[in-house]
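The values are calculated or read from the model by the stated rules, or taken from the named source; none is laboratory data. Keep in mind the model is a prediction, meaning the values are calculated, not measured. Cβ atoms come from the backbone with ideal geometry, glycine included; neighbour counts cover every protein chain shown. To get the accessible areas, we keep the full protein, side chains included, count just its heavy atoms, and leave off ligands, DNA and RNA. Shrake-Rupley method; radii C 1.70, N 1.55, O 1.52, S 1.80 Å.
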Amino acid sequence: MLDRRAARSAKTLRFGHDRLRLRPWASEAGTGLLILLTSGSAVSDAAVAASIESAGAQGYLRIRTSALSHIEAEPFLRAGFESSQQLALLSRPIQPGFREQNGDIAIRRARRRDHPSVLAVDHAAFEPFWQLDPVGLREALRATPFRRFRVARRNSDEALAGYAISGRSGPSGYLQRLAISPNQQGQGAGTALVIDGLTWMARWGATQAWVNTPRHNTGALRLYERLGFEPIPPGLQVLELEISGP
């Protein structure tokens, strides 16, 4: 059984130059999320083996990875992980002078008191596998050196229509999270939030924007492609491993 202290905690694992973060998966007791903190290259086989051992010692029954590129996935596949989810990776260049076109969508900075409403939108917009909890939201806000966290409303509506977290690291910009309330989808909030994020990236000198989404999320794919994003094969994948305890 998963130890209650492990269920509440997140741990940074360090193995030589490799760093990973292990924390509970938001929607499944007994499942851990393993996040690469040194992204862009493969960690060592030894680091993967040690991560599995650490997860087992903490009482996790299975572990899943964050979304990995083909290169990042290789040592995990060698260790017996299998693909759990396939994601499309998309990108587009960012031209200076990109302009916002919000229409009747009001966008403002997200405040701490918005977090419960943001998480409610997130849970309504995503299937349980992808839903954020408060810890996941905090980690999304720390994923890049610079971030922009915005919420959107239709001018005539008090409830949040959606939210977006955008990030920057060097010349790259990232649409890290976009969620639109199901009853607001197709009414301009998603477009407004994406354009807001791209405008911010352009203002600070980012030259290329990146986003990923599950391959079956056809609505999001249509939105991103309509706004100039193009698929980058082979995409990304989430990997999973069933483990035994210590």
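Values computed for the structure shown
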item	result
Contacts under 7 angstrom Cβ, first residue in the range 53-64 being in contact (Cβ under 8 Å) with a residue 24 or more places away in the chain, partner part of a helix (DSSP H, G or I) and of a type in the set (S, T, N, Q), 6 or more apart	none
Filter result for residue 194 (within 17 Å of the chain's Cα centre (by Cα), modelled with pLDDT of 95 or more, open to solvent by less than 80 Å² (accessible area, probe 1.4 Å) and more than 22 Å from residue 103 (Cα to Cα))	no
Answer residue from the range 35-47, given it is part of a loop (DSSP other than H, G, I, E, B) and of a type in the set (Val, Ile, Thr) and is most open to solvent (accessible area, probe 1.4 Å) among those	38
Looking only at the range 10-20, and only at residues there that are open to solvent by 30 Å² or more (accessible area, probe 1.4 Å) and touching a residue at least 24 places away in the same chain (Cβ under 8 Å), the one that is farthest from residue 119 (Cα to Cα)	16
The one condition in (1) over 23 Å from residue 231 (Cβ atoms); (2) open to solvent by 30 Å² or more (accessible area, probe 1.4 Å) that residue 50 fails to fulfil	(2)
Check on residue 74, closer than 29 Å to residue 208 by Cβ, under 21 Å from the mean Cα position of the chain (by Cα) and of a type in the set (Asp, Glu)	yes
The lone exception for residue 80 - which of (1) more than 18 Å from the chain's Cα centre (by Cα); (2) in a loop (DSSP other than H, G, I, E, B); (3) at pLDDT below 95 it fails	(3)
Residue 106 surrounded by 17 or more Cβ atoms within 10 Å (Cβ to Cβ) and either acidic (Asp, Glu) or free of Cβ contacts under 8 Å to residues at least 60 places away in the same chain (or both)	no
Residue 230, sole failed condition from (1) surrounded by 15 or more Cβ atoms within 10 Å (Cβ to Cβ); (2) farther than 22 Å from residue 104 by Cβ; (3) of a type in the set (Asp, Glu)	(1)
Residue that is modelled with the highest pLDDT [pool: residues in the range 135-159 that are assigned to a strand (DSSP E or B) and over 30 Å from residue 34 (Cα atoms)]	152
So residue 127, is it charged (D, E, K, R), surrounded by fewer than 17 Cβ atoms within 10 Å (Cβ to Cβ) and either within 17 Å of residue 185 (Cβ to Cβ) or in contact with a Pro (Cβ under 8 Å, 6 or more places away or on another chain) (or both)	yes
Sole exception among (1) touching an Asp or Glu at 6+ places or on another chain (Cβ under 7 Å); (2) within 22 Å of residue 29 (Cα to Cα) for residue 150, by number	(2)
Number of positions in the range 31-54 that are closer than 18 Å to residue 133 by Cβ and either of a type in the set (A, V, I, L, M, F, W, C) or touching a Gly at 6+ places or on another chain (Cβ under 8 Å) (or both)	3
Scan of the range 100-134 for residues that are modelled with pLDDT of 95 or more and in contact with a Ser or Thr (Cβ under 7 Å, 6 or more places away or on another chain), ordered by number	121, 124, 125
Filtered residues of the range 63-76 (kept if within 16 Å of residue 27 (Cα to Cα), modelled with pLDDT of 95 or more and open to solvent by 10 Å² or more (accessible area, probe 1.4 Å))	64
